[in-house]
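K.L.:
Take this structure, written in structure tokens, and hold onto it; I'll ask about it next.
The values are calculated or read from the model by the stated rules, or taken from the named source; none is laboratory data. Keep in mind the model is a prediction, meaning the values are calculated, not measured. Note that each Cβ is placed from the backbone with ideal geometry, even for glycine, and that neighbours are counted across all protein chains shown.
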Ligand code: GEK
């Protein structure tokens, strides 16, 4: 994978306006997400194990908002040479172009990369659907219907892996998490200017919700077992089993 250092927000006039998944972001994305989301690499490291735990042959494994294909690669590792299909969906041309390169060594008969808005996706039957920090970019009003369509596509016993940045309703907890996350980004060699410019750009683009909001939406979509499996500061990954 290309892994250029993310320096997009180093200058005062760098990358103005709202955050977009364009070619400049795609070129540095792996570095950007690893240095911004504590636990991102941990999720990827554990995904092969999760895939093996839920594995069912001859069906589909989705990565929604697949970006550079890191989640698809991790699920593929979990297949252990067994037969299953990978489907990656993203509505960013730049991201998907990088994903194609990164996954070019995989068997192309069992891999499909689709340039598409998730709102327009007709889901095929699936055993695992990964949404690794993607739902937070979907308009709030559209999230319930999307999760219901995902639920309908899953086999009984299949799993949705939903990773999100959390909002906290308690102000003290929110401040605590924000201040530790700020320190995390400084420790990752982001300057105060970069941190504040990125925050301004992503505000109103990434809309986080509370754990309670996620849990109740998943429950009303039909999921029976809903549990966090990984949390680092305000970045959580949930398992929702059909
Ligand atoms: C990873 N999962 O590396 N339809 C399709 N794709 C979308 C939509 C949409 N409506 N909205 C956003 N995206 C990845 C990381 S990044 C998370 C996911 C982040 C895509 C968008 O183009 C981007 O590639 C991805 O969702 C979100 O495990 O940047 O924080």
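K.L.:
Can residue 131 be described as within 13 Å of the ligand (Cβ to nearest atom), under 30 Å from residue 232 (Cα atoms), out of contact with any helix residue (DSSP H, G or I) (no Cβ under 6 Å at 6 or more places or on another chain) and part of a strand (DSSP E or B)?
P.N.:
Working: within 13 Å of the ligand (Cβ to nearest atom): yes; under 30 Å from residue 232 (Cα atoms): yes; out of contact with any helix residue (DSSP H, G or I) (no Cβ under 6 Å at 6 or more places or on another chain): yes; part of a strand (DSSP E or B): yes.
Yes, satisfied.
K.L.:
Is it the case that some residue within the range 61-74 is touching a strand residue (DSSP E or B) at 6+ places or on another chain (Cβ under 6 Å) and over 14 Å from residue 132 (Cα atoms)?
P.N.:
No; the residues of the range 61-74 include none that is touching a strand residue (DSSP E or B) at 6+ places or on another chain (Cβ under 6 Å) and over 14 Å from residue 132 (Cα atoms).
K.L.:
Scan (1) within 20 Å of residue 145 (Cα to Cα); (2) in contact with a strand residue (DSSP E or B) (Cβ under 9 Å, 6 or more places away or on another chain) for the single condition residue 207 breaks and write down its number.
P.N.:
The number of the failed condition is (2).
K.L.:
Out of the residues in the range 120-138 meeting the condition of being over 18 Å from residue 40 (Cα atoms) and touching a residue at least 24 places away in the same chain (Cβ under 8 Å), tell me which one is surrounded by the most Cβ atoms within 10 Å (Cβ to Cβ). If you could, list the steps in order and put the result at the bottom.
P.N.:
At the first step, the residues of the range 120-138 found to be over 18 Å from residue 40 (Cα atoms) are 120-128, 138.
So of that shortlist, the ones also touching a residue at least 24 places away in the same chain (Cβ under 8 Å) come out as 121, 123-128.
Working: 121: 18, 123: 19, 124: 12, 125: 13, 126: 21, 127: 22, 128: 26.
Residue satisfying both the conditions and the ranking: 128.
K.L.:
Any idea which residue in the range 47-59 is surrounded by the fewest Cβ atoms within 10 Å (Cβ to Cβ), counting only those that are in contact (Cβ under 8 Å) with a residue 40 or more places away in the chain and touching a helix residue (DSSP H, G or I) at 6+ places or on another chain (Cβ under 8 Å)? Break it down stepwise before answering.
P.N.:
Residues of the range 47-59 in contact (Cβ under 8 Å) with a residue 40 or more places away in the chain: 47, 50-51, 54-56, 59.
Filter once more, keeping what is touching a helix residue (DSSP H, G or I) at 6+ places or on another chain (Cβ under 8 Å): 47, 50-51, 55.
On the way: 47: 25, 50: 21, 51: 23, 55: 17.
Here the residue is 55.
K.L.:
List pairs: first residue in the range 169-185 and surrounded by 11 or more Cβ atoms within 10 Å (Cβ to Cβ), second residue assigned to a helix (DSSP H, G or I) anywhere in the structure, Cβ distance under 6 angstrom, at least six positions apart or on different chains.
P.N.:
Hits for this filter: 185/195.
K.L.:
Starting from the range 104-119, take each residue that is under 26 Å from residue 136 (Cβ atoms) and in contact (Cβ under 8 Å) with a residue 40 or more places away in the chain and list its partners that are within 16 Å of the ligand (Cβ to nearest atom) and in a helix (DSSP H, G or I), counting only C-beta distances under 8 angstrom and pairs at least six apart or across chains.
P.N.:
Close Cβ pairs (under 8 Å, with a partner that is within 16 Å of the ligand (Cβ to nearest atom) and in a helix (DSSP H, G or I)) amount to 113/96; 113/99; 113/100; 118/146.
K.L.:
Might you check whether a residue that is at pLDDT below 95, part of a loop (DSSP other than H, G, I, E, B), within 12 Å of the ligand (Cβ to nearest atom) and within 27 Å of residue 233 (Cβ to Cβ) occurs anywhere in the range 7-18? Walk me through how you get there before you give the answer.
P.N.:
Going residue by residue through the range 7-18, those that are at pLDDT below 95 are 7-18.
Of the ones still in play, those that are also part of a loop (DSSP other than H, G, I, E, B) are 7-18.
Right, trim to within 12 Å of the ligand (Cβ to nearest atom) and you get none.
Among the residues of the range 7-18, not one is at pLDDT below 95, part of a loop (DSSP other than H, G, I, E, B), within 12 Å of the ligand (Cβ to nearest atom) and within 27 Å of residue 233 (Cβ to Cβ), which makes the answer no.
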